[in-house]
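For reference, the structure discussed in these notes is given below.
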Amino acid sequence: MDDRPASTVSALEYDPAPESAAVARLRESYGLFVGGAFVEAADGATFETLNPATEEPLARVAQAGEADVVAAVAAARRAYDKVWRKTTGPQRSKYLFRIARLIQERSRELAVLESLDNGKPIRESRDLDVPLAAAHFFYYAGWADKLDHAGFGPDPRPLGVAGQIIPWNFPLLMAAWKLAPALAAGNTCVLKPAETTPLSVLVLAEILQQAELPDGVVNVVTGDGSAGAALVASPVDKVAFTGSTEVGKVIQRRLAGRGTRLTLELGGKGANIVFDDAPIDEVVEGIVDGIFFNQGHVCCAGSRLLVQESVAEEVLHRLRRRVDQLRVGDPLDKNTDVGAINSAAQLEKIRELTDWGEREGATRYTSPCALPERGYWFAPTVFTEVAQTHRIAREEVFGPVLSVLTFRTPEEAVAKANNTTYGLACGVWSEKGSRTLWVAERLRAGVVWANTYNRFDPASPFGGVRESGFGREGGRHGLEAYLDV
Amino acid sequence: MVGVSPAPLRLVVGDERAVRPRPGARVPVVESEAQLRSLLRGLSGVDAVGADARAAKLATRSLKRETKRAAIDLALSMVDLTTLEGADTPGRVSSLCAKARRPDPEEPDTPAVAAVCVYPDLVATAKAHLVGSDVRVASVATAFPSGRASRAVKLLDVADAVAAGADEVDMVIDRGAFLAGRLGEVFDEVVAVREACGPAHLKVILEVGELVTYDNVRRASWLAMLAGADFIKTSTGKVATNATLPTTLVMLEAVRDFAESTGRLVGVKAAGGIRTTKEALRYLVVVNETAGSAWLDPALFRFGASSLVNDLLLQRRKQRSGAYARPDRVSVD
């Protein structure tokens, strides 16, 4: 009040609150998971996985060669023919429920390991990645004995062996998205995690052993792109890929004419559309969640903010204030909001595109946050005065970088939102339901969020259109990708 | 400013989060009910799902070591130690005043609380027991807690409390009038009470549990601030739903925005249902990350509570000695 001394401006500066890295029970080396056992690569090859927050090595992991992939696919085939195809729905349910519960039991270990290997904040791995992974297994456990009622006719059949390739942004969660529906539908799997983030999936493999899942029903081959290529080339009945549009196109070409089923979940350039009547404080949170969640390493990230010109100044003022507050740093600190960029290569790509942003004339705003000296870091960045022609408005940055564009009318918002080769996700912010629905039905995107962003639920189908891919994961729709229908 | 100085928190120089009023900021003059209505309806809506999610996320912040110690002392210095029972007696009030001055006699450096909060007829008693201390006397008034009395009675209630020496008056708004849309009536009443308070600070209780929606909470917050409130307060503590984290978040957003557009800093008091240190620290985190560091001060943020103090004292001892003290080490009152 009036007589307050002006000089007592103080803030709660949070002391470090680190989660213990020992919880992850890191081992020096990890093998491939083939036929129910952990094995070395046939040629003994290994690679190193790093902690992106420190650039220090975490462990050595087996690099699967062609022979290993062939062996894994053969193990999956055997398990399919001899065991898994003969199981009943309730039996498969039982295994999936067990896996879900074991993920919950080992949730702290999985969360810490995920943050170490990926660089994401422990708050996110603890509160989102791991609980959602368990939720996916619980959800599909419920479907395994009810396939007759999934809308695909009586007694729908599985496809056989599924080859599944997942990205590094949500390693454990993406594994759950792929494995849970495949197993529920009666398929066996060969899963290839990303080169930079193999560890949590290998602990998941341990959990599968604990759950006494029959040998070979799930196999994990770790390694770089060559292992993925070998998996695509192998005699699997189905390929499911989540990753870049570039690689997705290559896979689609390779599978052409082979009769192998394919689902692709690729890149995106999501538009977060803010109308002038939107709830402004929640809008700011939604924008932040849309682009800075998981360092922006999210295929459905709201990387383009389309804000109605009449409120642009007000929204940006509040957004900058909020961006300044984001706590960037140690992924294991419970108070960290934005963690480390996953790899040097990704950091390089983000830098290249943001340099282009400046070169093409957009105005750059970077959070003044201090960044650690070692590790891969990129401060939250907002570009304003972005034009539709700029590379940062068209290409997927896959980092904590927001491009802000303005619009005047709902028609213009829709036109700009759809002016992309992608079509994964969009957000619409308005207090007027009729407008939200009008916009939503005109957006060419697989997912449209209303007054929220980056919200996931196993019961809700997720997937893209156009260059963001095809096929759905999650919900009843997610079963279709693994059934012969 | 309350004379009690909270334990020094580490200073953040040139804090970007401090509120800076916009150029030309001033409190608008409300001339008519129509103008007031359009002003309040012009405020942005609150998305309830989003507000709840934001509060829940902030509740995961983890305060450790020095931050925790400083925050506990700060929370103690922000407490309005309250007794609002039909059974209140001078004896009860005097023991509460002793506690307010020296919450933990075995730990002499424990900060005193901000104020003692009583009914108007016990203001003089409280005042007498707090002579020579910086602890203030707050009095509820205006036919607390329901507010169902004529304007004249309410103003007499206020005048009575102020005459007895109340430093702060906690009034209730007329929720019936607010919900019926008679905003001008609610506004005029706050203005009249503000006048009757004279030098005493005015806290305006919105009774959020009866306003129910966050949109109503935001509008009522602005109404109270426009009418001259020094503080906006969540609740009386006498209804089913009292202070909640997301409601307090919405009110803190209101005082932040009000400060930015008018240059006037209004305080927030979260009252009712806050019993543990853990909860109190969550409120401080929400204050810190919503309104900003300027509000981390008993002059701008208060807890209306009674049992909270003892938990703060136990946790304070735990921070110092490393072990939990028996509950009997702190006074029962």
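Rule-based calculations on the coordinates, nothing more; no lab input. Everything numeric here is computed off the predicted structure, so don't read it as measured data. As a convention, Cβ positions derive from the backbone with ideal geometry for all residues, glycine included, and neighbour counts pool all protein chains shown.
With 28 Å as the limit on Cα-Cα distance, the pairs of B:Lys68/B:Lys269; A:Lys120/A:Lys432; A:Lys238/B:Lys57; B:Lys238/B:Lys318; A:Lys82/A:Lys238; A:Lys120/B:Lys57 that go past it are A:Lys120/A:Lys432; A:Lys238/B:Lys57; B:Lys238/B:Lys318. The C-alpha atoms of chain A define a longest principal axis, and helix A:130-143 lies at about 50 degrees to it. A DSSP coil position with no more than 16 other Cβ atoms inside 10 Å describes the following chymotrypsin sites (Phe, Trp or Tyr not before Pro) in the stretch B:285-333: B:Tyr324.
Rounded to the nearest 20 debye, the dipole size of chain B about its Cα centre is 1000 debye, using +1 on the Cβ of Lys and Arg and -1 on the Cβ of Asp and Glu. When we measure straight from the Cα of A:Lys249, which aspartates and glutamates land under 15 angstrom away, once same-chain ones fewer than 8 places off are left out? Correct list for A:Lys249: A:Glu265, A:Glu467. Neighbouring Cβ atoms from other chains, within 10 Å of the Cβ of residues in A:250-259, number 0 on average. If both residues of a DSSP beta bridge must be in chain A, then about 30% of such bridges are antiparallel.
Normalised by the number of residues in the stretch A:63-208, the average gap of Cα pairs under 8 Å and 6 or more apart makes the relative contact order 31 percent.
Inter-chain neighbour count for B:65-74: the average number of beta-carbon atoms from partner chains within 10 Å of each residue's beta-carbon is 3. Spatially, the stretch A:117-179 and the stretch A:300-334 are offset by 30 Å when compared through their Cα centroids. A convex hull fitted to the Cα coordinates of the protein assembly as shown yields 174 cubic angstrom per residue. Think of each Lys and Arg Cβ as +1 and each Asp and Glu Cβ as -1; about the Cα centre, that makes the dipole of the stretch A:57-199 roughly 420 debye.
Fewest neighbouring Cβ atoms within 10 Å first, the residues A:Ser125, B:Ser235, B:Ser331, B:Ser38 line up as B:Ser38, B:Ser331, B:Ser235, A:Ser125. Among the listed pairs B:Lys99/B:Lys278; A:Lys349/B:Lys64; A:Lys146/A:Lys178, those with a Cα-Cα distance over 26 Å are A:Lys349/B:Lys64.
The value of relative contact order for chain A, using C-alpha pairs under 8 Å at least six residues apart, is 18 percent.
Computed from point charges on the beta carbon alone (+1 for Lys and Arg, -1 for Asp and Glu), the dipole magnitude for the stretch A:340-485 about its Cα centre is near 280 Debye. Computed over chain B with a Gaussian network model linking Cα atoms closer than 10 Å, the most mobile of B:Ala149, B:Ala180, B:Ala270 is B:Ala180. Under the rule a/c < 1.5 gives rounded, and otherwise a/b versus b/c splits prolate from oblate, where does chain A land using the Cα gyration tensor? Prolate, since a/c reaches 1.5 and a/b exceeds b/c.
Would you tally the net charge around B:Leu130, using a Cβ to Cβ cut-off of less than 12 Å, leaving B:Leu130 out, and scoring K and R as +1, D and E as -1? Its environment carries a net charge of +3.
Highest-first packing order for the peptide set B:46-57, B:129-140, A:41-52 is B:129-140, B:46-57, A:41-52, based on the mean count of other beta carbon atoms within 10 Å.
Counting charges near B:Pro120 (Lys, Arg +1; Asp, Glu -1) among other residues having Cβ under 9 Å from its Cβ returns a value of -3. For the stretch B:33-324, the relative contact order is 20 percent, taking Cα pairs closer than 8 Å that sit 6 or more residues apart in sequence and dividing their mean separation by the residue count. From its DSSP helices (H runs of at least four residues, each -39,500 (n - 2.57)), chain A gives a residue-normalised ellipticity at 222 nm of -11500 deg cm²/dmol.
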